[in-house]
1. Mind checking which residues of the range A:66-89 are of a type outside the set (S, T, N, Q) and without any contact (Cβ under 8 Å) to a residue 24 or more places away in the chain?
2. Condition first: open to solvent by less than 50 Å² (accessible area, probe 1.4 Å) and of a type in the set (D, E, K, R). Now tell me which residues in the range A:387-435 satisfy that.
3. Which of the residues spanning the range A:362-374 are open to solvent by less than 20 Å² (accessible area, probe 1.4 Å) and touching a Ser or Thr at 6+ places or on another chain (Cβ under 6 Å)?
4. Among the residues of the range B:21-38 satisfying the criterion of being surrounded by 18 or more Cβ atoms within 10 Å (Cβ to Cβ) and hydroxyl-bearing (S, T, Y), which is nearest to the chain's Cα centre (by Cα)?
5. Quick check: anything in the range A:88-105 out of contact with any Gly (no Cβ under 8 Å at 6 or more places or on another chain), open to solvent by 40 Å² or more (accessible area, probe 1.4 Å) and β-branched (V, I, T)?
6. Pull out all pairs, ordered by first then second residue, where Cβ-Cβ is under 6 Å, the residues are six or more apart or on different chains, the first lies in the range C:25-50 and is in contact (Cβ under 8 Å) with a residue 40 or more places away in the chain, and the second is open to solvent by 60 Å² or more (accessible area, probe 1.4 Å) and part of a helix (DSSP H, G or I).
7. If I ask for residues that are in a loop (DSSP other than H, G, I, E, B), under 17 Å from B:S329 (Cβ atoms) and within 14 Å of chain C (Cβ to nearest Cβ), which ones from the range B:122-138 would you list?
8. Which residue out of C:S179, C:S213 is in contact with a Ser or Thr (Cβ under 8 Å, 6 or more places away or on another chain) and of a type in the set (S, T, Y)?
Amino acid sequence: MTNLLKDLKQPAETSLNQELHKFAADLYPICRSITGNGIRETLSRIKGRIPLQIFEVPTGTQVFDWNVPKEWNIRDAYIAGPDGKRVVDFRECNLHVMNYSVPVHKTMPLSELKPHLFTIPEHPDWIPYRTSYYKEDWGFCLSHHQLMGLNDSEYEVCIDSTLQDGYLTYGECYLGGQSSDEVLISCHACHPSLANDNLSGLAVATFLAKYLSGKDLRYSYRFLFIPATIGAITWLARNRESAGRIRHGLVLTCIGDSGGFHYKKSRRGNAEVDRAAAHILRHSGESAEILEFSPYGYDERQYCSPGFNLPVGCLMRSVWGSFPEYHTSADNLDFIKPQQLAGSLLACAAILDVLENNRSYRNEFPYGEPQLGRRGLYGSIGGEACEDQILARLWVLNLSDGKHSLLDIAERSGILFSTISEAANLLCQKGLLSVVNNEHGEGAALGRSGTLPSQPGL
Amino acid sequence: MTNLLKDLKQPAETSLNQELHKFAADLYPICRSITGNGIRETLSRIKGRIPLQIFEVPTGTQVFDWNVPKEWNIRDAYIAGPDGKRVVDFRECNLHVMNYSVPVHKTMPLSELKPHLFTIPEHPDWIPYRTSYYKEDWGFCLSHHQLMGLNDSEYEVCIDSTLQDGYLTYGECYLGGQSSDEVLISCHACHPSLANDNLSGLAVATFLAKYLSGKDLRYSYRFLFIPATIGAITWLARNRESAGRIRHGLVLTCIGDSGGFHYKKSRRGNAEVDRAAAHILRHSGESAEILEFSPYGYDERQYCSPGFNLPVGCLMRSVWGSFPEYHTSADNLDFIKPQQLAGSLLACAAILDVLENNRSYRNEFPYGEPQLGRRGLYGSIGGEACEDQILARLWVLNLSDGKHSLLDIAERSGILFSTISEAANLLCQKGLLSVVNNEHGEGAALGRSGTLPSQPGL
Amino acid sequence: MTNLLKDLKQPAETSLNQELHKFAADLYPICRSITGNGIRETLSRIKGRIPLQIFEVPTGTQVFDWNVPKEWNIRDAYIAGPDGKRVVDFRECNLHVMNYSVPVHKTMPLSELKPHLFTIPEHPDWIPYRTSYYKEDWGFCLSHHQLMGLNDSEYEVCIDSTLQDGYLTYGECYLGGQSSDEVLISCHACHPSLANDNLSGLAVATFLAKYLSGKDLRYSYRFLFIPATIGAITWLARNRESAGRIRHGLVLTCIGDSGGFHYKKSRRGNAEVDRAAAHILRHSGESAEILEFSPYGYDERQYCSPGFNLPVGCLMRSVWGSFPEYHTSADNLDFIKPQQLAGSLLACAAILDVLENNRSYRNEFPYGEPQLGRRGLYGSIGGEACEDQILARLWVLNLSDGKHSLLDIAERSGILFSTISEAANLLCQKGLLSVVNNEHGEGAALGRSGTLPSQPGL
């Protein structure tokens, strides 16, 4: 029995907390975009920690309804006043430039400049994050205070960027398991200095991959570090066969702030990963909310498009778009917390632990209860209260008719999956229970039919 | 795309409000019954506004388990005191005579008269409405104050009515559409001077038929103006083939008072019309309640009898029987409101708009999202909030796998059907979407199997 | 139409109340166990009231995964102080000896005795109930006050019991009905002086069997009076064919205290008995709660083991284990109430009344409503309110399409089953309705497939 949680809980958690945050901090200054050297450098640092294969897809490559865009790189950008002093400076914060801005260098009055300036009047100290990937344009993002400080004079406007044929870059970390059926963990790596939205997912996914590598796993795991939308579409277009092997998946995003957990279900709504995540979060002791699928969000949009309809949900803490710091300079390293990053890592491990151990069993003594007492599985003094472990054994025996998985049993009994799973393990050892489905048979069947079985009726 | 709402909302609503109420007022004085000249005159006035075919079914005709009753007509009725003065006078209010009273003309003491008198002690100013269609009897309805004013003297009792072989009269307005599949709108026309219970339905149905005539409609529409119960049974017995073409239906009753909407579901409980009505009322901005089917009520009782089990619900404002004015002289022209009549007309049109436009589509680019930006279907500046129209496009694309109708999508997304429908229309124009089912194939299949598909599992 | 409730409600209830309690009081002093003369004597007294067949199964007989244990009998037991005075005396309360204690007779210091003593510190006046059926051991149960009164001197410890080859004894009362399909009523008879937990079930089951005997019943009834767990397992092992004929079943336990009703559903969760019990309890006028199945409890554990999965629920008042008196000397004759015992008997009869009368019918006039008025089934004066009886007739006619049982109709309409059933009976008499399924055909089909049809979709 795989037990992903046991090892993870044992090391001093404080050091794990700090390491996660430190990795996010290392990546923070890099100016990432959906293409270019920022994401390349980011992937290179991830590769320093886990086995990562990096792919470069040329500009113009058709990926379904899209084409891989030109590669964007930037060296410098600023708005300077008549005295030559920079009033907006890319070197201070890479959010100042609208991502994918085409090069520009001219002098213009404020009136001409203004349509290219973005601010957040309600948060006058914050810099917004804006992009223009698919329409050639340029712009600056600045604090509303900065904008208010500008006067009617002429400004020198400079964006020293390049937008030309090149590559879209993404990284894959594949960990082989007993089965060729796959679990997908996907996070986007295309946002510049934004901590919760981007770095929290990258850090947790990297540490999760490191933690799983070397374990004897039931499933194979594929970690994707990709630019949002175009990256997921590119990967799907190039990996339709691999996509067909995905049995469960999680998109990780905004997973480091101090908010409670949110899990957005896959389009299927009752996929095993949806139920596993709901079970773990419900028992997590933290505030947790399960959200219905919607086709707006992160890359689950692509994985759950109707042609794929993959069982991929999205794990978050605060929901993107719902907190004011989202897509602003306030989503910084203070906004993500060491303890929350580690808690998210643990939640991921717990969800994977359910998937790794969820199987159906058959009670070998289905007529009446088998005599647990003589096998040391029951208290010997009658009349006393029943412990949770014994209750778990009774539930597993009662529902193990080959039609109920351990997750079904955990849900119906209200007992934590890990307790149910331990009971099943013990009952197997005692010869009272046997596994129903052989892994590969199950996987193969699923692969052929293209659909996962839904929750058996209770 | 049919858009029933657009035109209806544009004219000055105030004049529509008044016209509806005025038509009800025109019909108010007529002494209707389930047969006879009252309903004949009523249908004749409706025919003045919409193309109406009037049917006369002879007394004695067997209609399922029933027979068409004798025709009842009344000229005058009164109770006169010893001084010859009328103390109860049909000419003042046609509710004074128990509907279908046989002729009587004699003088009798109050003690003999009393078993024939009906009052409402709790509302001593109101006159109740009573009928005795299937048991030959006579009676007077009067206010409790009137009853209290009677003394022990002899009274002249006169009901100048006839009950003899004749006809049951009803009207049909048929509006042909692209499909021979029908939508049924049914209202009863058999109550004398009762405004909410009877005239509100007649007015709204008449105006709705007028409004639909000349439109290019997907479905054919059949409006029935019939006596309650025996009329619906008579129509069903004579039109079993037409009944088999009914795909959706609404009974309209008590639809003009100032109360919030109530929709009583069809026996099926999840028919498309049930879901359409629930969706529209939930988004109507008015208080609205959805009621489960019960076999007591108006003519949905007949349409939903087990041999037919038609998908016909009942749209009301205050529920018949639940307001004290029901079946009394207080259900008068003041009790129904111009604005509420027009609001009900609009609600009917909105429900029909859902039915007209509800189809299943197939996303022609189902692998990942198609690139909406390059088609002008998506905002070009990334990082900003998503508008409702764009969200509707994403939902339609995501769920258009041929298994989800637009109503399914509206329900799952929580977005108004009309927004979803507009999104589908636009996506079709852009070549991203195609209609799945051909109209006649679908209709024909339904006709053969006799059952409508239930809501697809989400 | 069987009407189990009519006769039961007519006799003066007070005498029934007292008789039930008196029978429990008669059985109270007997020291029962899972084998031995205590249960034998108990069954013998039950046999004095109803036709009971008593079975003796030899020690060592294999019953599924278990073996029938040695037979235990006890004559006397005590702990005596240095002065020879009994400080704990079996003759005062048979709970003082841990049930199934092996013989012991020696003198020992308190320190050696203490591990064999059981008390309830939170309730220092109460004696706990403990057993050690499957591990050879001995012990005494005493009040915590008694324990506190012991000092460090030497005590004479004597348990004059025997544990040797013998028999396991149980009783069956079989009442044949029109169908060989069976209803199982099971209660345990293995607890010594415990009133609610054991005697309440025995008394109610005995009186229920007496009441049913001689009635013309649809189903055959099998009442089991058995030792808990091993008794149910023994019966199942010896009666696999009879078990296959069980269509509905109830385990009765803790059914005499002053608490509200609790019904624990069968493993199936929507078996007809589950729905019948829920319906009756919901309409009982008493507080009532429906509990989900769990594999911990009384003998429903065995009947609902996956190999059998019988539709057997458990009817209780206070739930075993949830009240402090449970498994203590405080579960005595004061704890059970004459009126509650009779109320439980009535609830059982009402549930069985549903099962006896629950059938599917077909409306012979399914097109529109049949004309009830001319058959005297409808009020003749139109415009007045509809009585419950008439409403029941309309519901039965509307849903009697052969797919809805009367229980379905009662649930959907919210009308009491007995009113629905009376309506169906009357409509049958009038020729408007006919029964759909023939009894034996249905039973036979069920027997072959081994599964009961689930609740038809509404």
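1. Within the range A:66-89, A:D83, A:K85, A:R86, A:D89 meet the criteria.
2. Once the filter is applied, which keeps residues that are open to solvent by less than 50 Å² (accessible area, probe 1.4 Å) and of a type in the set (D, E, K, R), the range A:387-435 yields A:R393, A:D401, A:D408.
3. The answer is A:N363, A:G368.
4. We begin by selecting, within the range B:21-38, every residue surrounded by 18 or more Cβ atoms within 10 Å (Cβ to Cβ); these are B:21, B:23-24, B:27, B:30-38.
If we keep only those that are hydroxyl-bearing (S, T, Y) too, we end up with B:33, B:35.
On the way: B:S33: 18, B:T35: 20 Å.
Looking at residues that are surrounded by 18 or more Cβ atoms within 10 Å (Cβ to Cβ) and hydroxyl-bearing (S, T, Y), I get B:S33.
5. Looking through the range A:88-105, none of the residues is out of contact with any Gly (no Cβ under 8 Å at 6 or more places or on another chain), open to solvent by 40 Å² or more (accessible area, probe 1.4 Å) and β-branched (V, I, T).
6. Note: pairs meeting the criteria are C:I30/C:E41; C:R49/C:K210; C:I50/C:K210.
7. Taking the range B:122-138 and keeping what is in a loop (DSSP other than H, G, I, E, B), we get B:122-127, B:129-130, B:132-138.
Then drop every residue that is not under 17 Å from B:S329 (Cβ atoms), which leaves B:122-127, B:129-130.
Listed by number, the residues that qualify are B:E122, B:W126, B:I127, B:Y129, B:R130.
8. Of the residues listed, the single one that is in contact with a Ser or Thr (Cβ under 8 Å, 6 or more places away or on another chain) and of a type in the set (S, T, Y) is C:S179.
The values are calculated or read from the model by the stated rules, or taken from the named source; none is laboratory data. The structure presented is a predicted model; accordingly, all values stated were derived computationally and were not measured. All Cβ positions, even for glycine, are placed from backbone atoms using ideal geometry, and neighbour counts span all protein chains on display. When the accessible area is computed, the model is the full protein with side chains, heavy atoms only, and any ligands, DNA or RNA have been set aside. Shrake-Rupley method; radii C 1.70, N 1.55, O 1.52, S 1.80 Å.
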